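Written out below as structure tokens is the structure these notes cover.
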Amino acid sequence: MFPTPLDKRPPSARVTYQAFLPLALIAWLLPLLAVAIFSIKPGADFTNANYWGVPSSFNFIENYGQVFFNSDMPRYLLNSFLITVPTVVGAVALSAMAGFALGVYKFKANIWLFFMFVAGNFVPFQILMVPVRDLTLDLGLYNTKTGLVLFHVAFQTGFCTLFMRNFIKALPYELIEAARVEGISEIRIFWYVVLPLMKPALAALAVLIFTFIWNDYFWAVVLTQGPDSQPVTAGITAFNSEFRAMYHMMSAGSIVAALPPVAMFFLMQKHFIAGLTLGAVK
Amino acid sequence: MTHATMPQTEIDRTFWQRNQQTLAPWLFLMPAILFFVVYVIYPVFQSFNLSLYEWDGLGQAEYVGLRNYEDLYWEYVDRDSFYVSLKNNLIWLILYLLAIPAGLFIALFLNQTVTGIRLYKSLFFFPFVISQVVVGLVFTWFYDPAFGILNVVLGWFGAGPVNILGSESTVTYGIILAGLWPQTAYCMILYLTGLNAVNPEQIEAGRLDGAKGIKMLWYVVLPQLKPATFIAFVVTIIGALRSFDLISVMTSGGPFGSSKVLAYYMFEVSLSEYGFRMGYGAAIAVVLFAIMMIFITYFLWSMYREEKR
């Protein structure tokens, strides 16, 4: 292990390390802690310029209650879910099939199709912006959740296919050959042989895509407007202009908006990290 | 080929059964290719084409040849926008790479086994999971000249107050620092996973040879972390060139347009209150694409070499 494990060092090193660890964490999360503190302060503290003093009262319930019952935030949150969940399902389904095709079959166009997905995945959003917006307008899907979902599914398919294909390539190929000898059709091989083995990859991708799409801001601004269809990332800017200079409300709103992917991460940590670090180890 | 010449078993099998090995991949690929071509590949070419037109998004598009690019090059339309954006993109690219050594540093720091270390690792990674919109807001307040923690801390040392986002000379660096926060967390997790897989025997061998500290890191550990470094490099470069959310949330390109990057400038030109100059915007997007293409080609080439092995 590198660096040298602490139990092979003098005990003083261990004590210093354990004392230093929480301090480092607090420093690292300082900007965020500030927002968390703001979110439980009463509004009066800000008008009295009591930014960093002891809160004059503990307003957790009032502030978060306002966010949930007296603003558009619940609608934005619902929109985010209605955009994120179908995207996850769609992108994972499309890429599972595409990844299977690219990982299992040998044909001439294979590597080029694979590179098309990889390259498209790196393209800057701006070069897609005007055509995709026009297409969405032409389909009558501008300012709808469906319009956003369709684009997200398409774009995420690039990354997901890369991921799935590499995962499937690492599976034992003999399994598929054995199934073929048995005379099982290719579609059944996909469904009954490969798909069950892909569960870890499916889970990892689902968590990852959930976070990516939930946090998307650019496409939300380009393809939607207003509380009917905008997700929470775009909604928070509207929320903030509604509660201008009410820092306690803006803080509580931001925390609520950021929470679902955070919860997802802590619940599905193993899958999340497996997804992110695929390929980081040889 | 006629049926008469086929062996009996071939006749009994349907067209699908005979050809499924060739047909199946295309069947599986069809939906993904369809979506990807319609929404990603074809639009790239549309944008290239659009950059040769002048178009307000509604009326008739007028063919103007390369004039949009000339306007960009000489900055005829927007004074001090294109080159400021380009320069800022360059600053982003270079400084954003600091996330890689910073991530490695934190990963080395956290690669110990003490009680609760798993929770510490998760909490250090935490900024990456938060949306950039919230990160932008958090850092806007962090820098705030009236109440930001930064100035509170500077005040303890008798320095400040500074208005990072209000000054043309510091604003870009302030936003980059905000971007480095989640990006460092990302690189950290890549390296933590990589460090887990480092071969302990090689470390021991290195120790016997008297390698320690930095030397051990450079000659024994880092070579084994190469795959992690490559991915960290890819995601950091892409992240730097994609920077849009933070700029939009923190400064809207200001003050006086000094924190714009190409991605933001393009959006501003095509879709904001500054007008709907779609063709001009497309030309900016093409420039950004060209910069990105240098890296995409390099990434694909590296991957191709790996595939060939």
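The values are calculated or read from the model by the stated rules, or taken from the named source; none is laboratory data. These figures come from a predicted structure and were not determined experimentally. Cβ: placed from backbone, ideal geometry, glycine included. Neighbour counts: every protein chain shown.
The table below gives the values:
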quantity: All positions within the stretch A:257-275 that are within 17 Å of A:LEU202 (Cβ to Cβ), free of Cβ contacts under 8 Å to residues at least 60 places away in the same chain and surrounded by 18 or more Cβ atoms within 10 Å (Cβ to Cβ); calculated: A:MET264, A:ILE273
quantity: Checking A:ALA206 against (1) more than 13 Å from every other protein chain (Cβ to nearest Cβ); (2) farther than 30 Å from B:VAL135 by Cα; (3) in a helix (DSSP H, G or I), the condition it does not meet; calculated: (2)
quantity: Qualifying residue in the stretch A:160-174 (condition: polar (S, T, N, Q), at the interface with another protein chain (Cβ under 10 Å from one of its Cβ atoms) and within 16 Å of the chain's Cα centre (by Cα)); calculated: no
quantity: Counted residues, the stretch B:112-133 - those being within 18 Å of the chain's Cα centre (by Cα) and part of a helix (DSSP H, G or I); calculated: 6
quantity: Yes/no for B:TRP141 being part of a helix (DSSP H, G or I) and more than 9 Å from chain A (Cβ to nearest Cβ); calculated: no
quantity: Wholly enclosed helices (runs of 4 or more DSSP H) of the stretch B:37-102 bearing at least 1 residues under 17 Å from the mean Cα position of the chain (by Cα) and away from chain A (no Cβ under 14 Å); calculated: B:82-96
quantity: Residue check for B:LEU108: out of contact with any strand residue (DSSP E or B) (no Cβ under 6 Å at 6 or more places or on another chain), surrounded by fewer than 14 Cβ atoms within 10 Å (Cβ to Cβ) and either facing another protein chain (nearest Cβ under 8 Å) or touching a residue at least 12 places away in the same chain (Cβ under 8 Å) (or both); calculated: no
quantity: Residue within the stretch B:27-46 that is surrounded by 13 or more Cβ atoms within 10 Å (Cβ to Cβ), in contact with a strand residue (DSSP E or B) (Cβ under 8 Å, 6 or more places away or on another chain) and under 22 Å from A:ARG133 (Cα atoms) present; calculated: no
quantity: Residue check, B:GLY166 within 10 Å of another protein chain (Cβ to nearest Cβ) and either at pLDDT 90 or above or under 20 Å from B:GLY254 (Cα atoms) (or both); calculated: no
quantity: Verdict on A:ALA98 being in contact with a Cys (Cβ under 9 Å, 6 or more places away or on another chain), modelled with pLDDT of 90 or more and in a helix (DSSP H, G or I); calculated: yes
quantity: Subset of the stretch A:1-43 [among the charged types (D, E, K, R), assigned to a helix (DSSP H, G or I) and more than 9 Å from chain B (Cβ to nearest Cβ)]; calculated: A:LYS8
quantity: Scan of the stretch A:220-259 for residues that are more than 27 Å from A:MET129 (Cα to Cα) and in a helix (DSSP H, G or I), ordered by number; calculated: A:GLU242, A:TYR247, A:HIS248, A:MET249, A:MET250, A:SER251, A:ALA252, A:GLY253, A:ILE255, A:VAL256, A:LEU259
quantity: Unmet requirement for B:THR251, which otherwise passes all of (1) more than 22 Å from B:ALA99 (Cβ to Cβ); (2) among the β-branched types (Val, Ile, Thr); (3) more than 9 Å from chain A (Cβ to nearest Cβ); calculated: (1)
quantity: Selected residue (only one of B:ALA282, B:ALA290 is within 7 Å of chain A (Cβ to nearest Cβ) and in a helix (DSSP H, G or I)); calculated: B:ALA282
quantity: Residue match in the stretch A:56-69 (condition: within 12 Å of chain B (Cβ to nearest Cβ) and either surrounded by fewer than 17 Cβ atoms within 10 Å (Cβ to Cβ) or not in a helix (DSSP H, G or I) (or both)); calculated: no
quantity: Residue check for B:THR172: under 18 Å from B:LYS260 (Cβ atoms), at pLDDT 95 or above and surrounded by 14 or more Cβ atoms within 10 Å (Cβ to Cβ); calculated: yes
